[in-house]
1. Of B:A58, B:A12, B:A20, which is the most mobile in a GNM of chain B whose springs link Cα atoms less than 10 angstrom apart?
2. For region A:16-52 and region A:72-112, what is the separation of their Cα centres, given in Å?
3. Using a loss threshold of 10 Å², tell me which positions in region A:128-166 are less accessible in the complex than in their chain alone. Probe radius 1.4 Å, ligands and nucleic acids ignored.
4. With point charges of +1 on the Cβ of Lys and Arg and -1 on the Cβ of Asp and Glu, referenced to the Cα centre of chain A, which listed residue (A:P160, A:P73, A:S147) lies farthest in the positive direction of the dipole?
5. Keeping all protein chains in place, calculate the accessible area per residue for region A:26-88 (probe 1.4 angstrom), answer in Å².
6. Can you give me the accessible area per residue for chain B, using a 1.4 Å probe, in Å²?
7. If I fit a long axis through the Cα atoms of helix B:3-28 and take the longest principal axis of the Cα atoms of chain B, what angle between them do I get, 0 to 90°, rounded to 10?
8. So for chain A, averaging the separation of alpha carbon pairs under 8 Å that are six or more residues apart and normalising by length, what relative contact order in percent results?
Amino acid sequence: MKLNTPSVKLPTLRETIMLALFAAIMCVSKEVLAALPNIELVSFFIILLAHNLGAKALWSVYIFVAVQGALYPFGEWFISYLYVWALLVVVVLLVRRYAGTVVYTMLSTIFGLTFGTVCSIPSFFIGGFGYGVSWIIKGLPFDIVHSISNGIVCLLLFTPLDKTLKRFLK
Amino acid sequence: MQPKKLIVILSAILVVLLAAAIIITNVFSADIQKGNKTITVTVVYEGEAKDHKINTNAEFLGQAMFEANLIEEDEYKSGYYTIIDGKKADWDKNEAWWCVFVDGQMADCGMNDLPIKDGDSFEIKYTLG
């Protein structure tokens, strides 16, 4: 599988507008859906951006992470946030040449299912092996909900929003 | 790589991960007992032990103690306890905290995640340092 080389060019004006807009949308969507545990649109928006803009999607990712860091007290969660969303961008970069709605729906579902495990990595360093493992096990029911909701969101929204984004970026 | 091949690989990964998640969740929730049960919670504070017999439908110790008014609502929601049965353990003042014991062994998770069964006994001890 050929690795897509991340772009080193700065975003164009249109791309900058889109990246800033999506960073804001990710922050707002997280707050709006806060009452529904493990249902989020952030992963979907990151997939959409990375599919269309490649590595430039990391701009939106880290604006989102910075805003979360400003809104909420520092904790283990912040350390996970520094890498987990970027990891999703990297995975999308690997497959975007071949991927469409079905592939992204599956990727999104897998991401939701493994989200807790990937985020638990700092726990192993902070509390030891037992703490990390119990963190993963306790989070599994939530990860299952997360994966199902991610899959449904991507299946329904990827095609229409991808078309809209491509039209704007032309 | 062809998209079809990618879909097959992702499908296989998804099925394996989902099966593993469901199996692990079921195995580790096997301890949860539904229905009415009676448990004993002994609160030990500065050498004095007080027994509380709780009759409950709760599945976890935190919920049972909240229903028995032994813990405060905001602490129940956060899962971080400083006040048990009206007595406060102040870590900032004298490094005091509440230690939960199950059958004489220190619990390996918080009260909100500790499953309870009929006849169980718990000790919650005021501890320094």
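1. Residue with maximal mean-square fluctuation among B:A58, B:A12, B:A20: B:A12.
2. 12 Å
3. With the partner chains in place, region A:128-166 has these residues losing at least 10 Å²: A:I137, A:K138, A:L140, A:P141, A:I144.
4. A:P160
5. For region A:26-88, the solvent-accessible area averages 42 Å² per residue.
6. Per residue, chain B has an accessible area of 62 Å².
7. Roughly 30 degrees, rounded to the nearest 10.
8. Answer for chain A is 28 percent.
The values are calculated or read from the model by the stated rules, or taken from the named source; none is laboratory data. Remember, it's a predicted structure, so these values are computed and weren't measured experimentally. Reconstructed Cβ throughout: ideal geometry from the backbone, glycine too, with neighbour counts over all protein chains shown. What goes into the accessible areas is simple: the full protein's heavy atoms, side chains included, and nothing from ligands, DNA or RNA. Shrake-Rupley method; radii C 1.70, N 1.55, O 1.52, S 1.80 Å.
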